[in-house]
Each structure stands twice: as structure tokens, then as C-alpha cells.
Amino acid sequence: MNATPAGTEVLGTRLRHLLELLDAEVTAAYADIGLPGFRPRFTPVIRTLAASGAASIREIAEAIGVTHSAASQTVAELVKAELVTVAPGRDARRRIVRLTPRAERLLPALDAEAAATTAAVAAFEAELAFPLTRLVDEALDALRRRPLRERIREELNGAAPPGG
């Protein structure tokens, strides 16, 4: 039985594994500071609302760089955790999200965690041959310029047809 080489063939799997490791460690750090159940994906939404006072789900999505669907799912989780409220806006299609007093009380702990995480990431990246944050930014920029699907299509069109 041949083992799959740990190269580009499994890039997505390896990236997911890295993200899962980082996410789990930050989640554990939240629990360490008395925020069990708090998830890393909550922080950008809470920070956006702390800065703006209130925002629509679309505005949150744009501010944190995720899809409307992803922002909506995170907001739904934050509602369940009683960290935000959602009310209709002037336009019935628009929903306005606001922090609850409970979320506002968490802001000092979240600020301390953010500072510690920033320092820890800097120390982590110092151990790497190339800063991961820079590499991720470059990868995102390259994919914005030319999506992977387009690159795959070009490779398929340039390759010999199967069986031929």
C-alpha cells in the first residue's frame, strides 16, 4: 500500500489541520481566561460591533471579510450565547445586530486575550522560515487575481485527455 506524499496533493487537508490546531488552541485560551464555549470566530464580530455600536449582517460580513452566510451563522451562534441581539432595521430585509451588556462586560478580557494572542503569533512566526500571516495574505491576493478553479481548468486543458 502506497502512502500519499505530504505535498501539494494534500494541501487542503494540511491547511485544514493547521487551522483546526490554531482554532483549538485559541478556544482553549478563551476557556483559560474564564470564557468557556467562546469561539475564535466570535471575536471579529464582537470587535466590529464594539467599534460601530450596531451593524447589519452585511456590514459585519464586509468588515471581517467573510460571506454574508458565514456572518449570519456566527451571529446566530452569538444570539444563542446571549452576546448579541438582532432587530429589524428600517428596511424589513435588513437585520441590525447589537452587543448585549453581557458581551460588553467581556470586552476587557477579549482585549487582553487579543494582545496575548498577537504576541504569541509573533513568537510563533519567528520560528518559521516565512511569516504565516504574510504567506496567507499573498495566497489570498494570488487567488483573487486568478482563482484556483481557473488554474485547474488551464492545467486540465493543457494535459492529455484521459486514456489518450
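The values are calculated or read from the model by the stated rules, or taken from the named source; none is laboratory data. Everything numeric in this text was worked out from a predicted model, so none of it was measured. Virtual Cβ from ideal backbone geometry, glycine too; neighbours counted across all protein chains shown. In case anyone asks, the SASA skips ligands and DNA or RNA and just uses the protein heavy atoms, side chains included. Shrake-Rupley method; radii C 1.70, N 1.55, O 1.52, S 1.80 Å.
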Candidate set: region 129-158, residues that are of a type in the set (D, E, K, R) and surrounded by 10 or more Cβ atoms within 10 Å (Cβ to Cβ); chosen: the one farthest from residue 38 (Cα to Cα) = 154
Among the residues of region 73-104, count how many are outside any loop (DSSP other than H, G, I, E, B) and either in contact with a strand residue (DSSP E or B) (Cβ under 8 Å, 6 or more places away or on another chain) or at pLDDT below 95 (or both).
-> 14
Inside region 56-72, can you point out the residues that are small (Gly, Ala, Ser), surrounded by 14 or more Cβ atoms within 10 Å (Cβ to Cβ) and part of a helix (DSSP H, G or I)?
-> 61, 63, 70, 71, 72
Does at least one position in region 16-34 carry a residue that is free of Cβ contacts under 8 Å to residues at least 12 places away in the same chain, surrounded by 11 or more Cβ atoms within 10 Å (Cβ to Cβ) and over 22 Å from residue 117 (Cα atoms)?
-> no
Please indicate, with yes or no, whether at least one residue in region 100-108 is among the aliphatic types (A, V, I, L, M), touching an Asp or Glu at 6+ places or on another chain (Cβ under 9 Å) and surrounded by 13 or more Cβ atoms within 10 Å (Cβ to Cβ).
-> yes
If you check residue 126 against the conditions, is it within 26 Å of residue 23 (Cα to Cα) and either open to solvent by 60 Å² or more (accessible area, probe 1.4 Å) or over 20 Å from the mean Cα position of the chain (by Cα) (or both)?
-> yes
